[in-house]
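Asker: Quick one: the structure is below, questions incoming.
FYI, it's all coordinate maths here, none of it is from the lab. Computed from a predicted structure; not experimentally measured. Positions of Cβ are backbone-derived with ideal geometry, glycine not excepted, and every protein chain shown enters the neighbour counts.
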Amino acid sequence: MDHKSVLLRKYLYDEGIDPDLRRLIHMVSVAGKYISAQLKAANRKMSGTQNASEEHQLEIDKKADVILQDMITQLDYVAEYASEEQEVVIKTKHPAPKYSVSVDPLDGSSLIDVNLAVGTIVGIHRCEKLIDSGRHIVAALYILYGPLTTLVYTSGKGVHEFVLNPEGEFVLSQTHLQMKPEGKIYSPGGLRTHWTSAHRQYIDDLITTGYKLRYSGGLVPDFNQILMKGGGMFAYPGLINNPEGKLRLLFELYPLAFICEQAGGAATDGVTPILDLKLAEIHQRAPIYIGSTTEVEKAKGYLST
Ligand code: AFP
């Protein structure tokens with residue numbers, strides 16, 4: 001197939017998914033174009049506010065959230081909108097709710113001032129309330145703002161990548177991305193001095209086996225690298241001083257776990273599949289080991305002792 005000519009909205013139409021889901025994914029892609037343009041404006045100013053996790057917010061964090069909230073909540077079948085940048089869930093009160101959406105508007109924004117890649121992560125759940133397990137997720141996507149702006153999504157029919165072209169269209173670049181059972185790269189997460197002995201033994205095992213370290217401090221580019229290289233492992237573990245780790249279950253882990261499973265990979269907190277973890281609170285954190293099945297199974301071997 002000549003991927004150069006296939007636009008995202010055409011590919012979504014040809015997938016034959018629910019038209020409302022197709023429109024929702026398209027609206028997120030349009031928001032991504034606006035956010036990409038905002039980032040190019042070199043907006044590095046702090047906003048002077050903090051998010052629900054008491055992290056300092058850049059103005060661009062809040063702008064990205066406003067863009068996504070406006071685009072998503074105007075659809076009259078979206079029941080809830082939850083953002084990592086907001087304390088509480090936005091309940092739209094639309095009359096015929098169908099989907100609820102979680103967003104991490106700009107993950108890794110502390111990397112903007114050193115010109116490293118950042119990303120938007122979106123989870124789409126077939127439910128009216130986001131306080132539910134990950135198994136209600138029906139689509140997930142991330143937009144990676146790097147040398148190229150790329151969009152990777154799955155609606156449950158494989159994982160596909162699109163690139164934003166100079167004309168402002170997302171055009172198909174790769175279809176049915178797959179994680180091999182074993183890779184060659186790893187992202188360890190966290191500070192070594194805060195690692196548990198189980199995590200340290202696991203990472204030392206990967207190093208001894210010859211895995212290469214790849215870690216930028218940005219979840220989206222780091223996971224994307226493993227997906228595009230066809231395998232490997234990304235971890236942000238439970239730490240001695242923070243057993244739940246750093247990353248958020250709803251906003252970051254559910255969507256990437258859904259994408260990874262759709263690409264033939266796996267994602268666990270060390271014991272339980274990420275998508276089977278129950279969500280009790282929208283800003284809940286969880287440890288994660290995500291990537292090729294061999295590396296994830298090996299992690300479970302160390303973590304469940
Ligand atoms: P920021 O949004 O504060 O930059 O954090 C990014 C992030 O949540 C995630 O994108 C990275 O994988 C992780 O933090 C890196 O955390 P460490 O800096 O502790 O390694």
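Asker: Could you run the Karplus curve 6.51 cos²θ - 1.76 cosθ + 1.60 with θ = phi - 60° over the range 59-72 and give me ³J(HN,Hα) per residue in whole Hz, x for Gly and Pro?
Answerer: 4, 5, 4, 6, 5, 4, 5, 4, 4, 5, 4, 4, 5, 7
Asker: Just to be sure I understand: with springs between alpha-carbon atoms less than 10 Å apart, which residue in H160, H283, H194 has the highest mean-square fluctuation in the Gaussian network model of the chain?
Answerer: H194
Asker: Still on this structure, I have one more. Select from M233, M71, M179 the residue whose mean-square fluctuation is largest in a Gaussian network model of the chain (Cα-Cα springs shorter than 10 Å).
Answerer: Residue with maximal mean-square fluctuation among M233, M71, M179: M71.
Asker: Given +1 on the Cβ of Lys and Arg, -1 on the Cβ of Asp and Glu, and no further charges, what dipole in debye does the range 242-302 carry about its Cα centre, rounded to the nearest 20?
Answerer: 100 debye
Asker: Can I ask one more? Would you please name the trypsin sites (Lys or Arg not before Pro) within the range 53-139 that are DSSP coil residues with at most 10 other C-beta atoms within 10 Å of their C-beta?
Answerer: On the way: sites: K62, K63, K91, K93, K98, R126, K129, R135; in loops: K93, K98, R126, K129.
Sparse-neighbourhood loop trypsin sites (Lys or Arg not before Pro): K93.
Asker: Would you work out if the range 139-204 is rounded, prolate or oblate? Take a ≥ b ≥ c from the square roots of the eigenvalues of the alpha-carbon gyration tensor; rounded if a/c is under 1.5, else prolate when a/b is larger than b/c, oblate otherwise.
Answerer: Judged from the Cα gyration tensor, the range 139-204 comes out prolate (a/c at least 1.5, a/b above b/c).
Asker: Among rounded, prolate and oblate, which fits the range 111-155 when a ≥ b ≥ c are the square roots of the eigenvalues of its C-alpha gyration tensor, a/c under 1.5 means rounded, and a/b larger than b/c means prolate? Intermediate values should be presented prior to the final figure.
Answerer: Values: a/c = 4.94, a/b = 2.30, b/c = 2.15.
Prolate shape, in that a/c is at least 1.5 and a/b is the bigger ratio.
Asker: Between Q174, Q225, Q262, find the one with the highest GNM mean-square fluctuation for the chain; connect C-alpha pairs within less than 10 Å.
Answerer: Among Q174, Q225, Q262, the largest mean-square fluctuation in the Gaussian network model of the chain belongs to Q174.
Asker: Here's something else I'd like to know. Could you list the square roots of 5 times each eigenvalue of the Cα gyration tensor of the chain, that is, the equivalent ellipsoid semi-axes, sorted largest first and rounded to whole Å? Before the final figure, lay out each step's value.
Answerer: Working: eigenvalues 160, 94, 79 Å².
That gives 28, 22, 20 Å for the three semi-axes.
Asker: What GluC sites (Glu not before Pro) does the range 226-289 have in DSSP loop regions with at most 11 other beta carbons within 10 Å? Can you show the working numbers first?
Answerer: Numbers: sites: E244, E252, E261, E281; in loops: E244, E281.
Those satisfying the criteria are E281.
Asker: Still on this structure, please answer the following. Between K278 and A52, how high is the FRET efficiency from 1/(1 + (r/R0)^6) when r is the Cβ-Cβ distance and R₀ = 25 Å? Nearest 0.05.
Answerer: E(calc), rounded to 0.05, equals 0.80.
Asker: May I pose another question? Just want to confirm a number: the relative contact order over the range 62-165, from Cα pairs under 8 angstrom separated by 6+ residues, in percent.
Answerer: Details: 209 pairs, mean separation 18.7, N = 104.
Relative contact order, the range 62-165: 18 percent.
Asker: Give the relative contact order (percent, whole number) for the chain; include only Cα pairs under 8 Å separated by 6+ residues.
Answerer: Once normalised by length, the contact order is 16 percent.
Asker: Shifting gears a bit: Note down the magnitude of the dipole of the chain about its Cα centre, charges +1 on Lys and Arg C-beta and -1 on Asp and Glu C-beta and zero elsewhere, to the nearest 20 debye. Mind showing how you got there, number by number?
Answerer: Values: 31 positive and 36 negative charges, 82 e Å.
For the chain, the charge dipole is close to 400 debye.
Asker: Can you return the aspartates and glutamates within cross-link range of K229? Criterion is Cα-Cα under 17 Å, with same-chain partners fewer than 8 residues away left out.
Answerer: E161, E182, E261, E295
Asker: How much net charge surrounds D222 when only other residues with a Cβ under 15 Å from its Cβ are counted (Lys, Arg +1; Asp, Glu -1)? Could the numbers behind the result be given before it?
Answerer: On the way: positive: K184, K212, R214, K229, K246; negative: D104, D107, E252, E295.
Overall, the nearby charge balance is +1.
Asker: What whole number of Å gives the distance from the Cα centroid of the range 96-148 to the Cα centroid of the range 179-221?
Answerer: 23 Å
Asker: Sticking with this one: Could you put I207, I185 in order, starting from the residue whose Cβ has the fewest other Cβ atoms within 10 Å? Walk me through the numbers on the way to the answer.
Answerer: Values: I207 13, I185 22.
So the residues, fewest neighbours to most, are I207, I185.
Asker: Assign unit charges at the C-beta atoms only (+1 for Lys and Arg, -1 for Asp and Glu), then state the dipole size of the range 150-247 relative to its Cα centre in Debye, rounded to the nearest 20. Walk me through the numbers on the way to the answer.
Answerer: Details: 9 positive and 8 negative charges, 59 e Å.
Roughly 280 debye for the range 150-247.
Asker: Based on other C-beta atoms within 10 Å, arrange R22, R200 from fewest to most. Walk me through the numbers before you get to the answer.
Answerer: Values: R22 19, R200 14.
Fewest-to-most ranking of R22, R200: R200, R22.
Asker: Across the range 116-222, how many lysine pairs, 8 or more apart or on two chains, come within less than 25 Å at their alpha-carbon atoms?
Answerer: Step by step, the pairs that qualify in the range 116-222 add up to 4.
Asker: Across the range 187-195, in residue order, what do the Karplus-derived ³J(HN,Hα) couplings come to in whole Hz, using 6.51 cos²θ - 1.76 cosθ + 1.60 with θ = phi - 60° and x for Gly and Pro?
Answerer: 10, x, x, x, 8, 4, 5, 9, 6
Asker: So what are the ³J(HN,Hα) numbers for the range 100-111, from phi and the Karplus equation (6.51, -1.76, 1.60; θ = phi - 60°), rounded to whole Hz, Gly and Pro as x?
Answerer: So the J values, rounded to whole Hz, are 10, 10, 10, 9, 10, x, 8, 6, x, 4, 5, 8.
Asker: What are the extents of the Cα atoms of the range 88-235 along their three principal axes, in Å, largest first?
Answerer: Between the extreme Cα coordinates on each principal axis of the range 88-235 lie 56, 39, 35 Å.
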